[in-house]
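The values are calculated or read from the model by the stated rules, or taken from the named source; none is laboratory data. Keep in mind that this is a model prediction, so the values were computed, not measured. With ideal geometry, Cβ positions are generated from the backbone for all residues, glycine too; neighbour counts draw on all protein chains shown.
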Amino acid sequence: MLHWLAAARADLVPPASRPGAVLVDLGCGAGLLGPHLSGKGYRHIGVDLTESALAQAAEHGVTAVRGDVSHVPLADGCADVVSAGEILEHVADFRAAVGEACRLLRPGGLLVIDTLAATAVGRFLAVTVAERLPGGPPPGIHDPALFVDRSALVQTCAEHGVALRLRGIRPSLADLVRWFAGRTERVRMKPVPTTAVLFQAVGRRG
C-alpha cells in the first residue's frame, strides 16, 4: 500500500516552477516517491534515520540525508515542496515534525502530507483490520496513540504560515479486487467525503 500512497502523493506535486527546484521527502524510506516524480524537474532530497532505506532511496535518484524528521539537518526555506508521507503517525511529537516541514518551505512552497486520523474508526480500520489482511501492513507497525489529530495538524500548520486543505482517500475497490486476483500491481487511491481514516493534506506557505 505504501507504493499506492506514494503514487497518490506524487499526483499532488505539480511540475517544478523554476530550475533547481528542491523537493524534500521527510521519512523517505526506500525512496518510493522517486519514480513517481520522474520528469517533474525536482532535485529530490530524502531524509530518514535508517541507513539501509537511504541506500535504497539513492538507487531511485534520491539525494539521501540521514536525519530525524523532528530535527532536519537542512536550511530554512530550502524547499519548493516538502512531502511528509506516512510518517506523522510514527513520530512521538508530530507538531515538531510539522514545524520542521514548514520551516523548510520557501515562501509559496507546497506542503504535501498523508497520514492516519486519530479517530476510533481510523484506529479500527488501520490496525485491527488492515494489519490482519494478507499483503497489509505488518502487525504492530502502528501505534494508535500516535495517530494524528486533524484539528491540531491544521492549527499547527497555520501557526507556521501554511493553510491546509484536507481530503479523505481510500483504495479503489475495483482495483483492490484486481490486485487480490493478481491482475494488477497498482491500486489507485480515490477521494472520499470523510477524513476520519486516511487523509491527504495540502497547503502553501504564505
Which numbered condition in (1) at pLDDT 95 or above; (2) farther than 24 Å from Cys28 by Cα; (3) of a type outside the set (A, V, I, L, M); (4) touching an Asp or Glu at 6+ places or on another chain (Cβ under 8 Å) is the only one that Trp179 fails?
(1)
Restricting to strands (runs of 3 or more DSSP E) lying wholly in segment 1-68: which have 1 or more residues that are touching a Lys or Arg at 6+ places or on another chain (Cβ under 6 Å)?
22-26
What number of residues within segment 160-178 are surrounded by 15 or more Cβ atoms within 10 Å (Cβ to Cβ), farther than 17 Å from Ala126 by Cα and touching a residue at least 40 places away in the same chain (Cβ under 8 Å)?
3
Quick one: which residue in Leu5, Leu37 is crowded, with 20+ Cβ neighbours inside 10 Å and touching a helix residue (DSSP H, G or I) at 6+ places or on another chain (Cβ under 6 Å)?
Leu37
Please go through segment 74-122 and pick out each residue that is of a type in the set (A, V, I, L, M), more than 25 Å from Ala30 (Cβ to Cβ) and in contact with a Pro (Cβ under 9 Å, 6 or more places away or on another chain).
Ala118
Pairs, please: C-beta under 6 Å, at least 6 apart or cross-chain, first residue small (Gly, Ala, Ser) and in segment 104-127, second assigned to a helix (DSSP H, G or I) and modelled with pLDDT of 95 or more?
Ala117/Arg150
Total residues in segment 102-142, condition of a type outside the set (Ser, Thr, Tyr) and in a loop (DSSP other than H, G, I, E, B):
11
